[in-house]
Amino acid sequence: MTVTTASTLDDVTVAVSGQGGDGSLTVITLLGRILSARGFHLYSARNVASRIKGGHAAAMVRGSHAYRGGLDGSVDLLVAFDQEAVERIGPSMAAGGIVVFDGSGGALPAGSLPDGMRVFEVPFARMAVRDLRRDLYKNSLAFGVLTRVLSVPDAEAEARMVEGLGRLPAALQEVNRIALHHGFAYADDQGIPDGGGVWALEATVAPERLLITGNEALALGFLVAGGRFFTGYPITPASEILESLQRHLPRFGGVTVQAEDELSAVNMAIGAALTGVRAMTATSGPGLALMQEGIGHAGSAEVPLVIVDCQRAGPSTGMPTKPEQSDLAMLVHGGNGEFPRVVLAPGGAADCFELAVAGVGIARRLQCPVYIALDQAIAQHAETVAPFDLDVPVEGGAMIGGHELAARAEYRRYLVTADGVSPWVVPGTPGGMNLVTGNEHNEWGQVSIDPENRRTMMAKRARKLTAAAGDLPRAVRWGSDDAEVGVIGFGFTVAPMREAVERLADLGVPVAGLQPRTLWPVPAEVVDFVRAHRVTFVVEHNDEGQLLALLVAAGAPLDRVRGIRRCDGLAFTPGELVERIVGEVGR
Amino acid sequence: MTATYTPRSPIWCAGCGHFGVQGALARALRDAAVPVDQVMILAGIGCSGTIQNNLGTYGYHALHGRVLPTATGTALADPSLTVIAAGGDGDGYAIGVGHLVHTFRRNPALTYVLMNNATYGLTKGQGSPTAPLARPDGDEQGLDGILLGLAIMSSTFLARGYSGRPEQLVRLLGAGLDHARGGGGFAFVEVLSPCVTYQDTYPIWEAAVYDLDEEPGYDPSDRAGAYAACLRVAGEGRIPIGMIYRGGRHGVRPDPAPASVDLTGLEDAYRAIMDAYRV
């Protein structure tokens, strides 16, 4: 929470929590519109109580004038529909925070809140049942109190609610409107008049933005890059990509198949890619483990394929709804044998769009598997971003058609070339018949175990990465240019790192931050970054330090890197990173 | 004329049933007058998984057990192709049998030739899920892919041939190609194709096959009748062959083909999707 004047906020985190079905998400969505209209950036997460402590349903939004892209670790304003909500989220309350508590089911749990909280106890559920005969309307009541606390004019709160509930039948809308006014009336009783709340929201002028999740942005990027074939098997937290493309691809002449398993999904995508269509599949760790054989096959057979891994806590079925970054070793080294692959890692929704576009293009250019590594937080949380640049050229790669083919004396599918990429003729092209196989093969695609051919073909495939290294998505750098201390991280560590670097600068500790967007092959700029700093903290969500190991293997000096890690399903907070870094730089 | 790969000679042992399958497939393709550049043969892993190298078409060597999803991807992405999946009984009835069920359910426009020799030939003679067709005395019972297909209401074409009866096999494969190419969907042709080295079933199968094509009054459009006939023939210790079932709904063929859909001038359509996310 940042307070600009005595009671005016330009950075506020609001949580609404209760049992599933309490309507927490609706309240957060409506509040998001109010914040957005005042120029706030939004970062919105569902089921975030599970992010804080466990399985209780909650929705959370952080609104901030500065772009944050993540939470700051504490909650300023909590609407708690039950005691459990207070028990779970209470300990995360910011100093001076406000709790609006539904006491219908019992008293405020003792000892769950830090000292100095301001608590408004409202029997939402009882009032809703008594006056409106349905417990269901308590979220509209709560919205009325919440908007009063934030000094949002009643008329605006009502307009946003009418907008947001527009799809409900008129009678239901009317009851919700009445419930909202009950909320206002309660606020009156508590001495919070219309427009005169405890806090006010600082308004600023901002350009129009999108509020979008990483999964949705990635699906859109795939479509815009010319992707027309998608396969997937439902899995948390990747399913929204499947759902989004099921909705959009048919209108563009594309096909989405929900496969019977991940083995089918990856092989079906490969089969489609053989025809020249841009194909993608998406999954999470357990599914990716099943896909390994297919992905290695695409590497060996030189089939362009994009694979999205929305990482969640492993091993095995792990913690399906929790983010982690522990698939990195599988992404970089997984599968039997050795083959070229690229691993890209977006650090937010805008990156998800951009790297989907880039990934489709790279797969096409290099004729190899390209991974896009998300995590549960990047995949499923929504944030505000600038509208995407949709004017994207569709990458053609080395595909040649009938005319170009006819001008050649001969055609070899796996022609050995300087950059390792062979001209590609797809089935149906007159005169271009060729053989494609995952077995080791000669230039004609015929299976071969000849040692000299083997050396030639291994080198040919490996050259594709060497040749492309300079064209892969660049890292994003921020913070101080002449700092002795650096931080490196990807995915959902990026937002807290960026904010921590800002706070460290305020504390007089200059730090440089780097977000590699290509993880494999390890870009020279990342190793150079480590070399250029006395110490670089490698921030990652896993136990073994997979990114750190990758950097060291790529040449980063071991005595210049230190790991900051956690793998408990909780995101780093900026404050925690500040403490860790301040605590360690002195050593 | 651009020179491309030279089709290979088969790797199979002299006398292998697969020669009969390849010969019949080549003839059926010739009869259907499909140019080789419009044909994509995808094969699995095993002795059968080399047939794609031999016919001068586009060829693809899929992972073990995964030829059906791969071929489904190809058929859905470019329905203009004549897509043929090929593989053995280990590939299709053991490691890949789950995909067979779902391919019946999906009914894509492709022909699947499953060369059943009741053994794993390439790995030197281990028992396959159809091994009881050759050695009925084991603990495990055999798997009958035709009965399996009949039990799935969405199957549209089920035939069993025998490489020892090439004329019929050409007919069945030709009908399968017509079915897939003509919009009928997934054509499944199991071929009894003996392995002379590890499981020589010629003598057994020659005596065991029972040709439903020759049975007066047999109606391949009657699913229940087909099921009853297959059970009856199996009950007599014989193996039903012929055009066993053909019917049902149309196949799935995307139009336009995702592989050749126009990708230009779509910015406004993309923007409409993006605008739904504006706040």
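The values are calculated or read from the model by the stated rules, or taken from the named source; none is laboratory data. None of the values given here were measured: they were computed from a predicted structure. All Cβ positions, even for glycine, are placed from backbone atoms using ideal geometry, and neighbour counts span all protein chains on display.
Residues being within 20 Å of A:Val342 (Cα to Cα) and more than 10 Å from chain B (Cβ to nearest Cβ) are represented in the stretch A:388-395 by at least one member. Is it true that some residue in the stretch A:533-552 is part of a strand (DSSP E or B) and within 19 Å of A:Asp309 (Cα to Cα)? There is at least one residue in the stretch A:533-552 that is part of a strand (DSSP E or B) and within 19 Å of A:Asp309 (Cα to Cα).
Considering B:Gly176, B:Gly242, the condition of being surrounded by 19 or more Cβ atoms within 10 Å (Cβ to Cβ), in contact (Cβ under 8 Å) with a residue 40 or more places away in the chain and part of a strand (DSSP E or B) is satisfied by B:Gly242 alone.
Being charged (D, E, K, R), in contact (Cβ under 8 Å) with a residue 24 or more places away in the chain and either within 14 Å of another protein chain (Cβ to nearest Cβ) or crowded, with 18+ Cβ neighbours inside 10 Å (or both) is the filter here; which residues of the stretch B:245-279 pass it? Lay out the reasoning, then the answer.
Step one: list which residues in the stretch B:245-279 are charged (D, E, K, R), which gives B:246, B:249, B:253, B:255, B:262, B:267-268, B:271, B:275, B:278.
With in contact (Cβ under 8 Å) with a residue 24 or more places away in the chain added as a condition, the list becomes B:246, B:249, B:253, B:255.
Residues satisfying the conditions are B:Arg246, B:Arg253, B:Asp255.
Looking only at the stretch B:220-239, residues that are surrounded by 15 or more Cβ atoms within 10 Å (Cβ to Cβ), part of a helix (DSSP H, G or I) and in contact (Cβ under 8 Å) with a residue 40 or more places away in the chain come to 5 in all. Restricting the search to the stretch A:46-85, which residues are modelled with pLDDT of 90 or more and in a strand (DSSP E or B)? Answer for the stretch A:46-85, where residues must be modelled with pLDDT of 90 or more and in a strand (DSSP E or B): A:Ala59, A:Met60, A:Val61, A:Arg62, A:Gly63, A:Ser64, A:Val75, A:Asp76, A:Leu77, A:Leu78, A:Val79, A:Ala80.
Specify which of the listed residues (A:Pro496, A:Pro557, A:Pro521) is touching a helix residue (DSSP H, G or I) at 6+ places or on another chain (Cβ under 7 Å) and farther than 20 Å from A:Leu328 by Cβ. Steps first, answer last, please.
On the way: A:Pro496 fails: farther than 20 Å from A:Leu328 by Cβ; A:Pro521 fails: farther than 20 Å from A:Leu328 by Cβ.
Step by step, each of A:Pro496, A:Pro557, A:Pro521 is checked, and only A:Pro557 is touching a helix residue (DSSP H, G or I) at 6+ places or on another chain (Cβ under 7 Å) and farther than 20 Å from A:Leu328 by Cβ.
Would you check if there is a residue in the stretch A:240-248 being touching a strand residue (DSSP E or B) at 6+ places or on another chain (Cβ under 9 Å), under 20 Å from B:Val252 (Cα atoms), more than 11 Å from every other protein chain (Cβ to nearest Cβ) and surrounded by fewer than 23 Cβ atoms within 10 Å (Cβ to Cβ)? For the stretch A:240-248, residues touching a strand residue (DSSP E or B) at 6+ places or on another chain (Cβ under 9 Å), under 20 Å from B:Val252 (Cα atoms), more than 11 Å from every other protein chain (Cβ to nearest Cβ) and surrounded by fewer than 23 Cβ atoms within 10 Å (Cβ to Cβ): present. In the stretch A:428-437, the residue that is farthest from the other protein chains (Cβ to nearest Cβ) out of those that are in a loop (DSSP other than H, G, I, E, B) and in contact with a Phe, Trp or Tyr (Cβ under 6 Å, 6 or more places away or on another chain) is A:Gly432. Residues in the stretch B:245-279 that are farther than 30 Å from B:Leu173 by Cα and outside any loop (DSSP other than H, G, I, E, B): B:Glu267, B:Asp268, B:Ala269, B:Tyr270, B:Arg271, B:Ala272, B:Ile273, B:Met274, B:Asp275, B:Arg278.
Do you know which residues across the stretch B:4-40 are among the polar types (S, T, N, Q) and either more than 22 Å from B:Pro194 (Cβ to Cβ) or touching a helix residue (DSSP H, G or I) at 6+ places or on another chain (Cβ under 7 Å) (or both)?
Residues of the stretch B:4-40 that are among the polar types (S, T, N, Q), as a first pass: B:4, B:6, B:9, B:22, B:38.
Answer for the stretch B:4-40, where residues must be among the polar types (S, T, N, Q) and either more than 22 Å from B:Pro194 (Cβ to Cβ) or touching a helix residue (DSSP H, G or I) at 6+ places or on another chain (Cβ under 7 Å) (or both): B:Thr4, B:Thr6, B:Gln22, B:Gln38.
Annotation: of all residues in the stretch B:180-198 being in contact with a strand residue (DSSP E or B) (Cβ under 8 Å, 6 or more places away or on another chain) and surrounded by fewer than 23 Cβ atoms within 10 Å (Cβ to Cβ), the one that is farthest from B:Asp222 (Cα to Cα) is B:Tyr198.
Among the hydrophobic types (A, V, I, L, M, F, W, C) and either out of contact with any strand residue (DSSP E or B) (no Cβ under 8 Å at 6 or more places or on another chain) or at pLDDT below 95 (or both): is that true of A:Leu507 in this structure? Quick ask: steps written out before the conclusion?
Details: among the hydrophobic types (A, V, I, L, M, F, W, C): yes; either out of contact with any strand residue (DSSP E or B) (no Cβ under 8 Å at 6 or more places or on another chain) or at pLDDT below 95 (or both): yes.
For A:Leu507, the condition - among the hydrophobic types (A, V, I, L, M, F, W, C) and either out of contact with any strand residue (DSSP E or B) (no Cβ under 8 Å at 6 or more places or on another chain) or at pLDDT below 95 (or both) - is met.
Residue-wise test of (1) assigned to a loop (DSSP other than H, G, I, E, B); (2) in contact with a Lys or Arg (Cβ under 6 Å, 6 or more places away or on another chain).
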| position | (1), (2) |
| --- | --- |
| A:Thr417 | yes, no |
| A:Asn439 | yes, no |
| A:Trp444 | yes, yes |
| A:Leu465 | no, no |
| A:Gly470 | no, no |
| A:Pro473 | yes, yes |
| A:Asp481 | yes, no |
| A:Gly486 | no, no |
| A:Glu502 | no, no |
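Okay, residues lined up against (1) in a helix (DSSP H, G or I); (2) over 22 Å from A:Gly296 (Cβ atoms); (3) within 7 Å of chain A (Cβ to nearest Cβ):
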position	(1), (2), (3)
B:Ile41	no, yes, no
B:Ile51	yes, yes, no
B:Gly65	no, no, no
B:Pro69	yes, no, yes
B:Thr74	yes, no, yes
B:Ala85	no, no, no
B:Asp91	yes, no, no
B:Ala94	yes, no, no
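Sub-6 Å Cβ pairs linking a first residue in the stretch A:143-164 that is buried (at least 18 other Cβ atoms within 10 Å of the Cβ) to a second residue that is acidic (Asp, Glu), at least 6 apart or interchain, are A:Asp154/A:Asp194, ordered by first then second residue.
Can you pull out the residues in the stretch A:270-288 that are in contact with a Gly (Cβ under 7 Å, 6 or more places away or on another chain) and facing chain B (nearest Cβ under 7 Å)? If the condition is that a residue be in contact with a Gly (Cβ under 7 Å, 6 or more places away or on another chain) and facing chain B (nearest Cβ under 7 Å), then A:Ile270, A:Gly271, A:Ala272 are the ones that fit.
Scan the stretch B:48-67 for residues that are touching a Pro at 6+ places or on another chain (Cβ under 9 Å) and closer than 26 Å to B:Ala131 by Cα and jot them down. The answer is B:Thr50, B:Ile51, B:Ala62.
Is it true that some residue in the stretch A:29-44 is under 21 Å from A:Pro496 (Cα atoms), assigned by TED's automatic domain parsing to the domain that holds A:Leu165, modelled with pLDDT under 95 and aliphatic (A, V, I, L, M)? The answer is no, given that none of the residues of the stretch A:29-44 is under 21 Å from A:Pro496 (Cα atoms), assigned by TED's automatic domain parsing to the domain that holds A:Leu165, modelled with pLDDT under 95 and aliphatic (A, V, I, L, M). Counting residues in the stretch A:314-322 that are charged (D, E, K, R), touching a strand residue (DSSP E or B) at 6+ places or on another chain (Cβ under 9 Å) and either assigned to a helix (DSSP H, G or I) or at pLDDT below 95 (or both) gives one or more. Would it be correct to say that B:Ile95 is under 15 Å from the mean Cα position of the chain (by Cα) and modelled with pLDDT of 95 or more? Considered against the rule, which asks whether it is under 15 Å from the mean Cα position of the chain (by Cα) and modelled with pLDDT of 95 or more, B:Ile95 comes out as no. Filtering the stretch A:122-141 to residues that are in a helix (DSSP H, G or I), more than 16 Å from A:Arg33 (Cβ to Cβ) and either among the hydrophobic types (A, V, I, L, M, F, W, C) or in contact (Cβ under 8 Å) with a residue 24 or more places away in the chain (or both) leaves A:Phe124, A:Ala125, A:Met127, A:Ala128, A:Val129, A:Asp131, A:Leu132, A:Leu136, A:Tyr137, A:Lys138, A:Leu141.
Yes/no matrix, rows are residues, columns are (1) more than 9 Å from every other protein chain (Cβ to nearest Cβ); (2) crowded, with 23+ Cβ neighbours inside 10 Å:
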{"residue": "B:Thr4", "(1), (2)": "no, yes"}
{"residue": "B:Pro10", "(1), (2)": "yes, no"}
{"residue": "B:Phe19", "(1), (2)": "yes, no"}
{"residue": "B:Gly23", "(1), (2)": "yes, no"}
{"residue": "B:Arg27", "(1), (2)": "yes, no"}
{"residue": "B:Ala32", "(1), (2)": "yes, no"}
{"residue": "B:Pro35", "(1), (2)": "no, no"}
{"residue": "B:Cys47", "(1), (2)": "yes, yes"}
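Residue count for the stretch A:396-427 under the criterion of being touching a residue at least 40 places away in the same chain (Cβ under 8 Å) and away from chain B (no Cβ under 12 Å): the result is 9.
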